[in-house]
Amino acid sequence: MTGAIVRPDAEGLRRAVEVLRAESVVAFPTETVYGLGANAFSAKAIGEIYRLKNRPSWNPLIVHVANVEAARELTSSWPSLANDLAAQFWPGPLTLVLPRARHLAGVGAGDDTIAIRVPDHEVALSLLEASQLPLAAPSANRSESISPTTAAHVVRSLPEVPLVLDGGPSSWGIESTVLSLVGEEPALLRPGALPLRTLREVTGTIRLPDAGPADGAARPSPGMSRRHYAPKARLILAKDVRDVDRSELAEPVGVLTYETADVPGAEMLSGDPAEYAADLYAALHRLDDAGVATILVQEPPQTEDWLAVRDRLTRAAAK
């Protein structure tokens, strides 16, 4: 049976470990989004992730581990700053990119780095502990589409997944922040749930990303593709959704805003960036499920606190 949603109790975890050890995949909840997990040491299992997601081979995976010691074993060097960041933010929505250990191949980037994190979710940590495996786990959805924040989202996007552990809605609702520690100074590769101002309290200066690699080129982190996180409907960002001429837009039109503007039928999210991010993917799923053809989205503020939200919406709007 495929697409089975199960409770993350002892029996559910037993079944999940059985699937993972058979070199297949299991979807599981994290505090950010649901991940599609596979044994990071198994080329066959990693291949199943790429096949199910229709994920391009040049897009690397994040490896989830149970603790700092397990993370260190997957790297060839571990700077003191990694210790400081892990002590402050793990378990949590921070992914670190470090030089990859020689014995681990297939999940890292083309530049011999690996992206690692310790998730802050009871079910994810229980699965890591029960399986005793590092789990490569991108978001559990078809490539380029909206990330899943519930078990139901996973099954709708990837009905072939053998097993989905249901841990309820993801609390952060947006992917982890990815920080590279490979260069002379820490570099942001993907903005995410953990704000930069919080990271800077530990790191000091953080180099911000440039335009990034072209699609098809190797990259050290996921989430750098031009088009990503996109709903089925066409998503259009607007400075003011009330000013958009709808005469040439495909109907029906859905509207997503964070303001209390008088927009008929608009879905209103919080004006707080963290709360907005927590419900963004769920809101896009709701609009897709409602059958809208176009989604007008009010542009978020041009402040650093909204960086991750702007990143997701800009990529979702790319043609």
Next item on the list: Kindly indicate whether ASP84 is among the acidic types (Asp, Glu), touching a strand residue (DSSP E or B) at 6+ places or on another chain (Cβ under 7 Å) and more than 28 Å from ILE5 (Cβ to Cβ).
Entry: no
Check: Which numbered condition trips up GLU69, out of (1) at pLDDT 95 or above; (2) surrounded by 23 or more Cβ atoms within 10 Å (Cβ to Cβ)?
Finding: (2)
Notebook entry, point to check: Residues of region 179-200 being more than 15 Å from ALA277 (Cβ to Cβ) and in contact with a strand residue (DSSP E or B) (Cβ under 7 Å, 6 or more places away or on another chain), which ones?
Noted result: LEU179, SER180, LEU181, VAL182, GLU185, PRO186, ALA187, LEU188, LEU189, LEU199
Margin query: Tally up the residues in region 16-39 that are crowded, with 18+ Cβ neighbours inside 10 Å and within 11 Å of SER131 (Cβ to Cβ), please.
Written below: 8
Item checked: Selection within region 1-11 - surrounded by 14 or more Cβ atoms within 10 Å (Cβ to Cβ) and either within 18 Å of ALA66 (Cβ to Cβ) or without any contact (Cβ under 8 Å) to a residue 24 or more places away in the chain (or both) -> PRO8
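Rundown of residues vs (1) in the same structural domain as ASP120 (by TED's automatic domain parsing); (2) in contact (Cβ under 8 Å) with a residue 24 or more places away in the chain; (3) touching a His at 6+ places or on another chain (Cβ under 9 Å), yes/no style:
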site: ASN141; (1), (2), (3): yes, yes, yes
site: GLU144; (1), (2), (3): yes, yes, yes
site: HIS153; (1), (2), (3): yes, yes, yes
site: GLY167; (1), (2), (3): yes, yes, yes
site: SER171; (1), (2), (3): yes, yes, yes
site: SER176; (1), (2), (3): yes, yes, no
site: ARG197; (1), (2), (3): yes, yes, no
site: PRO209; (1), (2), (3): no, no, no
Notebook entry, point to check: Any idea how many residues of region 288-301 are under 15 Å from ALA233 (Cα atoms) and not in a loop (DSSP other than H, G, I, E, B)?
Noted result: 6
Item checked: Subset of region 267-287 (residues that are touching a residue at least 24 places away in the same chain (Cβ under 8 Å) and either more than 19 Å from the chain's Cα centre (by Cα) or part of a loop (DSSP other than H, G, I, E, B) (or both)) -> LEU287
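The values are calculated or read from the model by the stated rules, or taken from the named source; none is laboratory data. None of these values were measured; they are calculated from a predicted model. Note that each Cβ is placed from the backbone with ideal geometry, even for glycine, and that neighbours are counted across all protein chains shown.
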